[in-house]
Amino acid sequence: MPYTEHDRVLALAGIYQAIHCVQQIARRGLAASNEMETSIYSLFQTDPPTVEAVFRGASGVAAGARQLADQLAGGVRRNLELTRYAIQLLQLERKLSADQAMLGQVAAGIAEVRPRLEQLPLLHPDVLAALAELYSRTISRLQPRIIVQGEPLHLKNPDNVHRIRSLLLAGLRAAVLWRQSGGTRWQILLGHRRLLAQARALAGASANTSG
């Protein structure tokens, strides 16, 4: 299907939503469940009709769009830690796309987890533990490894570890979507203003819809 700049902004918002949840869990021990659900949901959308469908509609990544807009706008609201995570995910995506064997392992692993969703919710500990294990035996072997910063108390909690790894896997899925929709590093650098306008529009439209 033909992709648009709107699709690419959705993909970037998907990245930022996943890593913002990671940051919140690492720092506070929790994150918004609706934002996490959208990220985990995206992992199981292997043949979506549209980019919006990956996230259950554009409003599904409204929080990610707000984070993306803050990073693109700069200033006091910019979060350099999130930008670092995003850059690392985009780097890992390039490594993964070049490793067909690992791509196959990831796809097979997600397919193995999918039947559990017939009985369990997306954020059930068993689902997240399985996704985290998949991340550990595949993506964590690639470089650069993402080192998540936060409070030791939260980072040592096994459930939080599972949440974080599952969300990083979801962020990587959004990075794959970014590449598939024609996204490149140069588009971020040279199309900065257009991306910012699209991100603000997405966040604003979603806020108006929910309000």
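Do we have any residue at all in the range 198-206 that's under 16 Å from Gly64 (Cα atoms), modelled with pLDDT under 90, in a helix (DSSP H, G or I) and in contact with a Ser or Thr (Cβ under 6 Å, 6 or more places away or on another chain)?
Checked against the condition, which is being under 16 Å from Gly64 (Cα atoms), modelled with pLDDT under 90, in a helix (DSSP H, G or I) and in contact with a Ser or Thr (Cβ under 6 Å, 6 or more places away or on another chain), the range 198-206 yields at least one hit.
Can you tell me which residues in the range 46-57 are modelled with pLDDT of 95 or more, of a type outside the set (Val, Ile, Thr) and over 13 Å from the mean Cα position of the chain (by Cα)?
Glu52, Ala53, Arg56, Gly57
Can Ala174 be described as crowded, with 20+ Cβ neighbours inside 10 Å and at pLDDT below 95?
Answer is no for this residue.
Would you check if there is a residue in the range 13-20 being β-branched (Val, Ile, Thr), surrounded by fewer than 21 Cβ atoms within 10 Å (Cβ to Cβ) and closer than 25 Å to Glu133 by Cα?
As a first pass, look at the range 13-20 and keep what is β-branched (Val, Ile, Thr): 15, 19.
Narrowing further to those that are surrounded by fewer than 21 Cβ atoms within 10 Å (Cβ to Cβ): none.
No, the conditions are met nowhere in the range 13-20.
Report the residue count in the range 95-145 for those that are under 23 Å from Gln180 (Cα atoms), outside any helix (DSSP H, G or I) and touching a residue at least 24 places away in the same chain (Cβ under 8 Å).
Of the residues in the range 95-145, 5 are under 23 Å from Gln180 (Cα atoms), outside any helix (DSSP H, G or I) and touching a residue at least 24 places away in the same chain (Cβ under 8 Å).
Considering only residues that are part of a helix (DSSP H, G or I) and in contact (Cβ under 8 Å) with a residue 12 or more places away in the chain, which ones fall in the range 30-51?
First, pick out the residues of the range 30-51 that are part of a helix (DSSP H, G or I): 33-43, 51.
Those that are part of a helix (DSSP H, G or I) and in contact (Cβ under 8 Å) with a residue 12 or more places away in the chain: Ser33, Glu35, Met36, Glu37, Thr38, Ser39, Ile40, Tyr41, Ser42, Leu43, Val51.
Just to be sure before I move on: is Trp178 over 16 Å from the mean Cα position of the chain (by Cα) and either touching a residue at least 60 places away in the same chain (Cβ under 8 Å) or within 19 Å of Leu68 (Cα to Cα) (or both) in the structure I sent?
Here the answer is no, as Trp178 does not meet what is asked.
Go through (1) surrounded by fewer than 20 Cβ atoms within 10 Å (Cβ to Cβ); (2) under 19 Å from Ile19 (Cβ atoms); (3) at pLDDT 90 or above for Glu133 and report which single condition fails.
Only one criterion in (1) surrounded by fewer than 20 Cβ atoms within 10 Å (Cβ to Cβ); (2) under 19 Å from Ile19 (Cβ atoms); (3) at pLDDT 90 or above is unmet by Glu133, namely (2).
The values are calculated or read from the model by the stated rules, or taken from the named source; none is laboratory data. These numbers were taken from a predicted model, which means no experiment stands behind them. Cβ sites come from the backbone with ideal geometry, for glycine too, and all protein chains shown count toward neighbours.
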